[in-house]
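Following: one structure in structure tokens, then a few remarks.
The values are calculated or read from the model by the stated rules, or taken from the named source; none is laboratory data. The structure presented is a predicted model; accordingly, all values stated were derived computationally and were not measured. Positions of Cβ are backbone-derived with ideal geometry, glycine not excepted, and every protein chain shown enters the neighbour counts.
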Amino acid sequence: MRKARLGRTNLEVSRWALGGIPLSTVMGGKDEETISRVMHTALDYGINFVDTSRVYMDSEANIGEVMKTRRKECIIATKSHSRLYDEVMADLEESLTQLQTDKIELYQIHELYPDEAATVMGKGGALEAFQKAKDQGMIDYIGLTGHHVDLLADLMKTDEFDTVMFPFNVIEREPEKELLNLAKKKDIGTIIMKPIAGGAIRNIEKAFRFFNGYPVDTILNGVATLEELRGNLKCAENSVPLSPEELADFEAEVAPLGKEFCRRCSYCMPCPNDIIIPVMVHVYWQQIKDCKLEDLSPERKQTGQNLTIWWQACSECGECEKKCPYDLPTIKRKNELMKMFEG
Ligand code: SF4
Ligand code: SF4
């Protein structure tokens, strides 16, 4: 497995890293045994970097089980979604316990929104806790993550962050404008999330080769099964960039996806009415949206009907829409589906 220097951290991380969401049994992953096998196989292959978060349910605990025997082979990154000093400190203690370690190499501010920046960076905010944890040797480096690329770029200029994590793929190209150059200039390590846009991009070979044309350090590869891991690794080792013609073909290939689709990131969860929103939104978007009822196959009609039963529990509280980094109109989509199947 190719390795890369993760910016000023000087950590030598694998070019492809394990994403922590599918390492949770409740966020798209399989059972604990499968998760353990995926992790062991990834480590055997030379993947030495795993990224998780306090909010990925049992992901940290599942990683911790593997770390009992393989800690020296793995660089751990995790995140806190808390915005205040005391809450971050409590999160960190819990992460250390769950991960069964006494130190985390990279601790990151999770999914920062523009209206939270002043709190995080101000007195009594999250950053103070990160700095304290670094001084006390509980963490080595501080990272920043989010979907708001302009905000990330602004905060990178403060020089408080050693790494930055952001979505980047052939559809989501905003980082090309400023962020990538800025990271290079400031020697900030770059960690890419959503390399296949949450599964929407099906051409894995081209999706992975796309990154060979950019100065990015490591790319998170979220896999739930050994088959997915092995399939992805075959493409991951190809270091040939896309030619201009191949890139143009690839852009044309993904153009029908548009921008308004679910990346299955689960940030909209939990729903107060126990709706599994990513599944509901994704299945609708993939199988039913843009179709007429009469054109749906019997299987898809059945799927649509099943979705309406689940959606009946939705009280339209709007919480999921507030949390979705892509501003997806979940309630509107739900109502379109209900209308399609009404009667
Ligand atoms: S709007 Fe509906 S789906 Fe979204 S969080 Fe509220 S109840 Fe759940
Ligand atoms: S609806 Fe939005 S927040 Fe929820 S999984 Fe899809 S992209 Fe993520």
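Any residue at all in region 232-242 that is among the β-branched types (Val, Ile, Thr) and either out of contact with any Gly (no Cβ under 9 Å at 6 or more places or on another chain) or under 30 Å from Glu33 (Cβ atoms) (or both)? Give the derivation first.
Initially, region 232-242 is screened for residues among the β-branched types (Val, Ile, Thr), giving 240.
Checking which are either out of contact with any Gly (no Cβ under 9 Å at 6 or more places or on another chain) or under 30 Å from Glu33 (Cβ atoms) (or both) leaves us with 240.
Yes, some residue in region 232-242 is among the β-branched types (Val, Ile, Thr) and either out of contact with any Gly (no Cβ under 9 Å at 6 or more places or on another chain) or under 30 Å from Glu33 (Cβ atoms) (or both).
Out of the residues in region 19-59 that are at pLDDT 95 or above and of a type in the set (Ser, Thr, Tyr), which is nearest to Leu233 (Cα to Cα)?
Tyr45
Can you pull out every residue in region 327-340 that is more than 8 Å from ligand 1 (Cβ to nearest atom) and surrounded by fewer than 17 Cβ atoms within 10 Å (Cβ to Cβ)? Steps first, answer last, please.
Narrowing region 327-340 to residues more than 8 Å from ligand 1 (Cβ to nearest atom): 327-329, 332-333, 335-340.
If the condition is that a residue be more than 8 Å from ligand 1 (Cβ to nearest atom) and surrounded by fewer than 17 Cβ atoms within 10 Å (Cβ to Cβ), then Asp327, Pro329, Lys332, Asn335, Glu336, Met338, Lys339 are the ones that fit.
Restricting to helices (runs of 4 or more DSSP H) lying wholly in region 166-279: which have 2 or more residues that are free of Cβ contacts under 8 Å to residues at least 60 places away in the same chain and outside the structural domain of Lys30 (by TED's automatic domain parsing)? Explain how you work it out, then say what you get.
Details: elements: 179-186, 204-210, 226-236, 244-254.
Output list is empty.
For region 307-323, name all the residues that are under 17 Å from Gln287 (Cα atoms) and either among the hydroxyl-bearing types (Ser, Thr, Tyr) or near ligand 1 (Cβ under 9 Å from one of its atoms) (or both). Give the derivation first.
Of the residues in region 307-323, the ones under 17 Å from Gln287 (Cα atoms) are 307-311.
Once the filter is applied, which keeps residues that are under 17 Å from Gln287 (Cα atoms) and either among the hydroxyl-bearing types (Ser, Thr, Tyr) or near ligand 1 (Cβ under 9 Å from one of its atoms) (or both), region 307-323 yields Thr308, Trp311.
How many residues are assigned to a helix (DSSP H, G or I), touching a residue at least 40 places away in the same chain (Cβ under 8 Å) and more than 17 Å from Gly198 (Cα to Cα) when one looks only at region 312-336?
Here is the first cut: in region 312-336, the residues assigned to a helix (DSSP H, G or I) are 319-323, 330-336.
If we keep only those that are touching a residue at least 40 places away in the same chain (Cβ under 8 Å) as well, we get 319-321, 323, 330, 333-334, 336.
Keeping just the survivors that are more than 17 Å from Gly198 (Cα to Cα) gives 319-321, 333-334, 336.
Within region 312-336, residues that are assigned to a helix (DSSP H, G or I), touching a residue at least 40 places away in the same chain (Cβ under 8 Å) and more than 17 Å from Gly198 (Cα to Cα) number 6.
Return the total of residues in region 241-288 being within 16 Å of ligand 1 (Cβ to nearest atom), within 17 Å of Asp327 (Cα to Cα) and not small (Gly, Ala, Ser). Write out each step before concluding.
Narrowing region 241-288 to residues within 16 Å of ligand 1 (Cβ to nearest atom): 262, 264-285.
Narrowing further to those that are within 17 Å of Asp327 (Cα to Cα): 262, 264-271, 277-282, 284-285.
If we keep only those that are not small (Gly, Ala, Ser) too, we end up with 262, 264-265, 267-271, 277-282, 284-285.
Within region 241-288, residues that are within 16 Å of ligand 1 (Cβ to nearest atom), within 17 Å of Asp327 (Cα to Cα) and not small (Gly, Ala, Ser) number 16.
Going by the structure shown, is Ala126 under 21 Å from the mean Cα position of the chain (by Cα), closer than 15 Å to Gly7 by Cβ, surrounded by 23 or more Cβ atoms within 10 Å (Cβ to Cβ) and at pLDDT 95 or above?
So Ala126 fails the test.
Condition check ((1) more than 30 Å from Lys259 (Cα to Cα); (2) free of Cβ contacts under 8 Å to residues at least 40 places away in the same chain; (3) part of a helix (DSSP H, G or I); (4) outside the structural domain of Thr52 (by TED's automatic domain parsing)) across all residues:
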{"residue": "Ala117", "(1), (2), (3), (4)": "no, yes, yes, no"}
{"residue": "Leu127", "(1), (2), (3), (4)": "yes, yes, yes, no"}
{"residue": "Phe130", "(1), (2), (3), (4)": "yes, no, yes, no"}
{"residue": "Ala133", "(1), (2), (3), (4)": "yes, no, yes, no"}
{"residue": "Gly137", "(1), (2), (3), (4)": "yes, yes, no, no"}
{"residue": "Leu144", "(1), (2), (3), (4)": "no, yes, no, no"}
{"residue": "Leu152", "(1), (2), (3), (4)": "no, no, yes, no"}
{"residue": "Leu155", "(1), (2), (3), (4)": "no, no, yes, no"}
{"residue": "Thr158", "(1), (2), (3), (4)": "yes, yes, no, no"}
